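> To start, I am sharing the structure in question, which I have written as structure tokens.
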Amino acid sequence: MRVIGLAVALTVSLFLAPLAAEAQAGKIPRIGWLMGGSPNSHGAFLAAFRQGLRDVGYTEGQNIAIEPRYAHGANDRLPDLMAELLRLKADVIVVDGTPPALVAKAATTKVPIVFTLAGDPVGSGLVASFAHPGGNVTGVSNFRGDLSGKQLQFLKELVPQLARVAVLYNPLNPVYTAAILDGARVAGRALAVELQVLEVRNSNELTSAFSALARGRAGALLALGDVIFRTEQVQLLRLAAESRLPTMYSDKTFVEAGGLMSYGLSYPDNFRRTAVFVDKILTSKYSILVLSSVLTSVKTASKPSTVAGL
């Protein structure tokens, strides 16, 4: 088996005043870990973040503390979880995708927020712009408007006669109402592939979506990147295998768990890099943190991650 991932980091700047509280003798900095998924779906991400912290000199329980909170795919739980972290006086909040980042931003203008998988931080309102974001939010973006188009292209190469593809997406994720889903539609027209777009907000709708795609006679399946698919990964992989459809996933963790193919980002790498942001915030090494607003590819894939055949 050969697994190739694409890691893309898009960094933005953040104005930070020195964190006076960290100067208090004996105080261990506290990181609030606000995730839309679950401990199972995000276990590899937390492990990567912890490794990143170790790389910059932190040992959990000695000079750093992490307070994990998980919404288990239920975005309506995020405000209460964020409130808990603020009551614990977290020094910095680390979030994964766009919904947790928006909830965190709405809850505080004082505590620094670092996002890790936000799809379109400008379009979603997290930051004003990449050059001048303003506010208390910074992080790593996984925004690639052309990614869904490449995923469709690889499906078409795998199945040359492909005429119809079912696309699973979560309408509660604001990113997919714009660039990513639109990118899939543009690519579909260019490839002469009709898209059957199916909404999935929870596990029940995931089951219903597979019933609908069977009726629609889709020839392949594309699951766009979203926390609901990571949270329901076991069910998604099982339903895809039962459907016997060639399926493209958003990242290599699905392939490692038994899925057919993926083309996308190395999410654990993004979480590992996030530790550098957190370190610079906590140590106040920079009053203005500017890490450049450019795309950097550390492992570019010309082909998707694949496992044994259909």
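The values are calculated or read from the model by the stated rules, or taken from the named source; none is laboratory data. Keep in mind that this is a model prediction, so the values were computed, not measured. Because the Cβ atoms are built from the backbone with ideal geometry, glycine has one as well, and the counts that use them run over all protein chains shown.
> Tell me which of these Gly73 doesn't satisfy, since it passes every other one: (1) touching a Ser or Thr at 6+ places or on another chain (Cβ under 9 Å); (2) in a helix (DSSP H, G or I).
Checking Gly73 against (1) touching a Ser or Thr at 6+ places or on another chain (Cβ under 9 Å); (2) in a helix (DSSP H, G or I), the one that fails is (2).
For (1) buried (at least 24 other Cβ atoms within 10 Å of the Cβ); (2) in a helix (DSSP H, G or I); (3) of a type outside the set (Ser, Thr, Tyr); (4) in the same structural domain as Val94 (by TED's automatic domain parsing), each residue gets a yes or a no:
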position	(1), (2), (3), (4)
Ser211	no, yes, no, no
Ile228	yes, yes, yes, no
Arg238	no, yes, yes, no
Phe254	yes, yes, yes, no
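> Let me spell it out: the conditions are (1) part of a helix (DSSP H, G or I); (2) at positive phi, and Arg217 meets all of them except one. Which number is the exception?
Just one mismatch for Arg217, condition (1).
> As an exercise: evaluate Ile66 against (1) modelled with pLDDT under 95; (2) not in a helix (DSSP H, G or I) and give the number of the one condition it does not meet.
(1)
> Looking only at residues in segment 240-252 that are among the aliphatic types (A, V, I, L, M) and not in a helix (DSSP H, G or I), which one is surrounded by the fewest Cβ atoms within 10 Å (Cβ to Cβ)?
In this case the residue turns out to be Leu245.
> Moving to a separate point now. Is at least one residue of segment 257-272 of a type in the set (A, V, I, L, M, F, W, C), farther than 24 Å from Asn75 by Cα, part of a helix (DSSP H, G or I) and in contact (Cβ under 8 Å) with a residue 24 or more places away in the chain? Before the answer, list the steps.
Initially, segment 257-272 is screened for residues of a type in the set (A, V, I, L, M, F, W, C), giving 257, 260-261, 265, 271.
Narrowing the set further to residues that are farther than 24 Å from Asn75 by Cα leaves 257, 260-261.
With part of a helix (DSSP H, G or I) added as a condition, the list becomes none.
Within segment 257-272 (the criterion being of a type in the set (A, V, I, L, M, F, W, C), farther than 24 Å from Asn75 by Cα, part of a helix (DSSP H, G or I) and in contact (Cβ under 8 Å) with a residue 24 or more places away in the chain), the answer is no, since none of the residues qualifies.
> Then there's this: Within segment 25-45, which residues are more than 27 Å from Asn170 (Cβ to Cβ) and at pLDDT 90 or above?
Matches in segment 25-45: Ile28, Pro29, Arg30.
> Next question, about the same structure. With respect to the numbered conditions (1) in the same structural domain as Phe49 (by TED's automatic domain parsing); (2) touching a Gly at 6+ places or on another chain (Cβ under 7 Å), which one is the sole condition not fulfilled by Asp120?
Of the numbered conditions (1) in the same structural domain as Phe49 (by TED's automatic domain parsing); (2) touching a Gly at 6+ places or on another chain (Cβ under 7 Å), the odd one out for Asp120 is (2).
> What's the number of the only condition in (1) small (Gly, Ala, Ser); (2) closer than 26 Å to Asp120 by Cβ; (3) touching a strand residue (DSSP E or B) at 6+ places or on another chain (Cβ under 8 Å); (4) without any contact (Cβ under 8 Å) to a residue 60 or more places away in the chain that Gly225 fails to meet?
(4)
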